[in-house]
Amino acid sequence: MVRQKNNKILLHACCGICSGYPITLLKDEGYEVLVYFCNPNLDTEAEFNRRLEAQKKVCESFGVGLVTEPYNHKEYLEYVKGYENEPERGKRCEKCIELRLRHAAQKASELGIDLFTTSLVISPHKDFEKISCIGEKIASELSIKFLSQNFRKQDGFLKTNNISKELRIYRQNYCGCEFAKG
């Protein structure tokens, strides 16, 4: 486990569902969690707003702060240009993850937080090792630290789903981009 002096950590959150358990686990481990909602991959502004409202409810429930980036789907489309027809978990997804984690690392640096992580790794549909490699590469480039923690362990995915059900938050059925809708 990576520790820093002030125990602050920026948690990139893809949605309220995925962030519930990571927030509680990180708080239990002594971190002061600040959630970062930056998801330009979401296919519509309405979807962005639904997920943001769910994220706000989770943050309020667990007493953590929330920093939000404005919706900017054009940025995502430009970033993944040429990869639109890639299969799920392919190069397009890697580019999407890279874009969001780069923003998270930059925001952490801007806020004076030298440690960040992501709730993306809690999903069984995501590749923990790939996400960790991307996060560590970006952290190295920006001279900060990436906490590579597999939130799926110890039934993390089940726990985060139970939290979202208890809070009655919006539950989406796709990752968010128009290419994943099939």
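Regarding segment 55-66, can at least one residue be identified that is outside any helix (DSSP H, G or I), within 28 Å of Glu166 (Cα to Cα), out of contact with any strand residue (DSSP E or B) (no Cβ under 8 Å at 6 or more places or on another chain) and of a type in the set (Ser, Thr, Tyr)?
No; the residues of segment 55-66 include none that is outside any helix (DSSP H, G or I), within 28 Å of Glu166 (Cα to Cα), out of contact with any strand residue (DSSP E or B) (no Cβ under 8 Å at 6 or more places or on another chain) and of a type in the set (Ser, Thr, Tyr).
Can you tell me which residue in segment 149-182 is modelled with the lowest pLDDT, limited to those that are closer than 25 Å to Ile9 by Cα and hydrophobic (A, V, I, L, M, F, W, C)?
Selected residue: Cys175.
State the number of residues belonging to segment 101-117 that are under 20 Å from Pro40 (Cα atoms), in contact (Cβ under 8 Å) with a residue 40 or more places away in the chain and of a type in the set (D, E, K, R).
Here the count works out to 1.
Just to be sure, is Phe37 over 12 Å from the mean Cα position of the chain (by Cα) and aromatic (Phe, Trp, Tyr)?
No.
One line per residue, one yes/no per condition, for (1) closer than 25 Å to Gly156 by Cα; (2) modelled with pLDDT of 95 or more; (3) acidic (Asp, Glu); (4) not in a helix (DSSP H, G or I):
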position: Cys96; (1), (2), (3), (4): yes, yes, no, no
position: Ala104; (1), (2), (3), (4): yes, yes, no, no
position: Lys107; (1), (2), (3), (4): no, yes, no, no
position: Lys126; (1), (2), (3), (4): yes, no, no, yes
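I'd like the residue in segment 67-84 that is without any contact (Cβ under 8 Å) to a residue 12 or more places away in the chain and assigned to a loop (DSSP other than H, G, I, E, B) and, out of all such residues, is farthest from Arg50 (Cα to Cα).
Only one residue tops the list, namely Gly82.
Inspect all residues belonging to segment 33-44 and state whether any of them is within 22 Å of Arg152 (Cα to Cα), of a type in the set (Ser, Thr, Tyr), at pLDDT 95 or above and surrounded by 16 or more Cβ atoms within 10 Å (Cβ to Cβ).
Yes - at least one qualifying residue is present in segment 33-44.
For the subset of segment 1-32 comprising residues that are loosely packed, with under 14 Cβ neighbours inside 10 Å and among the basic types (Lys, Arg), which member is farthest from Glu178 (Cα to Cα)?
Out of the qualifying residues, it is Lys5.
Check Ser143, Ser164 and return the single one that is among the hydroxyl-bearing types (Ser, Thr, Tyr) and on the phi > 0 side of the Ramachandran plot.
The match here is Ser143.
Between a first residue in segment 26-37 that is within 14 Å of Phe151 (Cβ to Cβ) and a second residue that is modelled with pLDDT of 95 or more and among the charged types (D, E, K, R), which pairs have beta carbons less than 6 Å apart while being 6 or more apart in sequence or on different chains?
Hits for this filter: Val33/Lys27.
Since Arg102 meets every condition but one in (1) buried (at least 23 other Cβ atoms within 10 Å of the Cβ); (2) within 23 Å of Asn150 (Cα to Cα), which condition does it not meet?
Going through (1) buried (at least 23 other Cβ atoms within 10 Å of the Cβ); (2) within 23 Å of Asn150 (Cα to Cα) one by one, Arg102 breaks only (1).
Starting from segment 85-96, keep only residues that are closer than 12 Å to Ile131 by Cα, then list their pairs with residues that are assigned to a helix (DSSP H, G or I) whose Cβ atoms are within a distance under 8 Å, requiring at least 6 positions of separation or different chains.
Glu94/Lys130; Glu94/Ile134; Lys95/Tyr79; Cys96/Tyr76; Cys96/Tyr79
So which residues in segment 158-182 are in a loop (DSSP other than H, G, I, E, B) and of a type in the set (Ser, Thr, Tyr)?
Passing the criteria: Tyr170, Tyr174.
The values are calculated or read from the model by the stated rules, or taken from the named source; none is laboratory data. Keep in mind that this is a model prediction, so the values were computed, not measured. Glycine also receives a Cβ, built like all others from the backbone with ideal geometry; neighbour counts cover every protein chain displayed.
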